[in-house]
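See structure below.
The values are calculated or read from the model by the stated rules, or taken from the named source; none is laboratory data. Treat the numbers as computed from the prediction; the structure is a model and nothing was measured. Cβ coordinates were reconstructed from backbone atoms using ideal geometry, including for glycine residues, and neighbour counts include every protein chain displayed. Surface accessibility is based on the protein's heavy atoms, side chains included, excluding ligands, DNA and RNA. Shrake-Rupley method; radii C 1.70, N 1.55, O 1.52, S 1.80 Å.
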Amino acid sequence: MKKLSILYNNLHHPAHVLEFALQAAKKNGFEIEGVFVTDVETRPSYPFPNDLPLTSEQVTSETAEQESAELIEEYIAGFRDDCSKASVSSSIVKTDLDHLFQLTRSTDVFLIDARYQQHTDKLAPFITRFHCPVLAVSESASRPDRVVFAFDGSEDSEYAIRRYNALFPESGAKAFHLLTVNKELEFLEDRVFINDFLEKKYKDLSIHHLEGDASDVIIDFLRLYPENMLVVMGSFGRSAVSRMIRPSIATRVFHETSASVFIAHKP
């Protein structure tokens with residue numbers, strides 16, 4: 001059975017990521033693994049720091065750690081209950097950042113919350129080293145009905161599209177777009193992959209040739225569909241990135257659009 005892992009950052013419990021996972025599991029036969037990383041953030045910030053001297057109970061590192069542990073157990077219980085209600089097989093792993101990388105060898109795809117700043121900033125160095133694809137789920141696209149394949153003809157971008165198709169053959173999406181930038185002349189060389197794979201799999205595939213700065217035109221295109229959009233792209237934060245899908249583009253998609261993002265690079 002394919003395994004889908006959800007990355008939980010200690011006290012952060014992204015319900016929309018689990019919603020995406022449950023839908024994907026029921027349609028595509030995943031087991032869901034909840035991965036609770038316990039050393040990214042230890043305590044949520046208190047909104048009224050000037051009131052701390054007035055509290056009857058002094059907050060110490062020990063009490064904060066105990067409260068965090070209790071909350072994590074509550075979240076784990078809720079995770080198990082939601083999976084059980086959906087009749088989806090589930091498992092739990094508690095880990096730290098040092099061991100997170102190793103877990104990516106034993107799963108098919110990792111889900112993270114696209115909008116939680118601590119995920120995209122603090123975990124970015126680890127995400128670039130993941131052995132498996134990463135799917136960053138936006139709260140506005142927990143049930144995407146439109147998929148955009150960002151394709152530049154590179155091995156990474158083709159690999160990402162094939163991995164997405166293998167993992168999510170039943171995506172539930174109703175519209176599919178193939179997006180290329182500054183590539184109309186070279187594009188004829190890629191017709192084998194497009195004709196024999198993409199257009200046969202996705203009968204209503206729309207192909208868009210865009211001109212201009214890749215980062216700007218991709219963002220502008222995604223903004224045409226502000227909700228329920230998922231983008232499939234090749235590389236994120238690697239030295240041998242493709243000509244079109246640079247790290248800056250993936251970062252801009254995270255921060256400037258409401259799309260979910262599937263990222264994979266060829267091993």
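Data overview
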read-out: Residues satisfying the stated conditions in the range 155-172, i.e. open to solvent by 20 Å² or more (accessible area, probe 1.4 Å) and not in a helix (DSSP H, G or I); value: Pro169, Glu170, Ser171, Gly172
read-out: Search result, residues across the range 99-113 that are over 15 Å from Phe20 (Cβ atoms), touching a residue at least 40 places away in the same chain (Cβ under 8 Å) and open to solvent by 30 Å² or more (accessible area, probe 1.4 Å); value: Leu103, Ser106
read-out: Of all residues making up the range 66-80, the number that are without any contact (Cβ under 8 Å) to a residue 60 or more places away in the chain and in contact with a Gly (Cβ under 9 Å, 6 or more places away or on another chain); value: 2
read-out: Flag for Lys266 being modelled with pLDDT under 85, open to solvent by 70 Å² or more (accessible area, probe 1.4 Å) and within 14 Å of Asp152 (Cβ to Cβ); value: yes
read-out: From Phe193, Phe197, Phe221, residue being touching an Asp or Glu at 6+ places or on another chain (Cβ under 7 Å) and in a helix (DSSP H, G or I); value: Phe193
read-out: Test result for Glu184, at pLDDT below 80 and under 15 Å from Ala150 (Cα atoms); value: yes
read-out: Residue tally, condition part of a strand (DSSP E or B) and farther than 24 Å from Glu70 by Cα, over the range 1-32; value: 5
read-out: Residue satisfying all of: in the range 78-98; polar (S, T, N, Q) and either under 17 Å from Thr38 (Cα atoms) or assigned to a helix (DSSP H, G or I) (or both); most open to solvent (accessible area, probe 1.4 Å) among these; value: Ser84
read-out: Odd one out for Lys26, checked against (1) open to solvent by less than 70 Å² (accessible area, probe 1.4 Å); (2) of a type in the set (D, E, K, R); (3) at pLDDT 70 or above; value: (1)
